[in-house]
1. Ranked from the most accessible area to the least, with a 1.4 Å probe and all protein chains present, what is the order of R82, R17?
2. Once you put a point 7 Å from the Cα of W54 and another 7 Å from the Cα of E129, both along the Cβ direction, what distance in nm separates them?
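The values are calculated or read from the model by the stated rules, or taken from the named source; none is laboratory data. Being a predicted model, the structure only gives us computed values, none of them experimental. Glycine also receives a Cβ, built like all others from the backbone with ideal geometry; neighbour counts cover every protein chain displayed. Each accessible area value is taken on the protein alone, full model and side chains, heavy atoms only, with ligands, DNA and RNA left out. Shrake-Rupley method; radii C 1.70, N 1.55, O 1.52, S 1.80 Å.
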Amino acid sequence: MDSVTSDPTLPDTAPPRRRLLKAALVGAGLLVVLFVGVSFALSRFLDPDRLAAWLEPQVEAAVNRDVSVGAVKVGILPLGVRLDAVSVSDPTGLAPRLAYLERLELRVRFLPLLKREVRVREVRLQGLEANLRVGADGLTNFGDFSPEETNETAAVEAEAGEDRPFALQLDGIR
């Protein structure tokens, strides 16, 4: 019996390839565990129904219109959010609806999420329909697209120290 090869106190004499393969397998295993952990955490914290309930008022405030979203799905690979059947109303009545998107995908970067920032790296639009109209009196259905912020509103928000949950930075649109 050769007791020298089974002694754990002796240095590892395995060939470098074998050690490299072992390290690669351990690294791959750690990546799989990390991916499963991140997937579980995102699925627990990014509930599509809660996300839709948070997102609709945010979009409505941004475009100054009623917005309805058919479905919201959170994707892990690639990391992002997909909105299906997004409809923007037309309060002027010049068109049945101002805009409709069959699908809107927002792909985000992972690391900024840890700092509670949403950094969109890509926006994909599919099935865009826009009904921008001008009435006989010269009024449009898109002229008041963005609400005006008065100095009084800005002062009240600043005084209250309103902390917004996320900062959004858009890198580009494709």
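1. The ranking, largest first, comes out as R17, R82.
2. 3.1 nm
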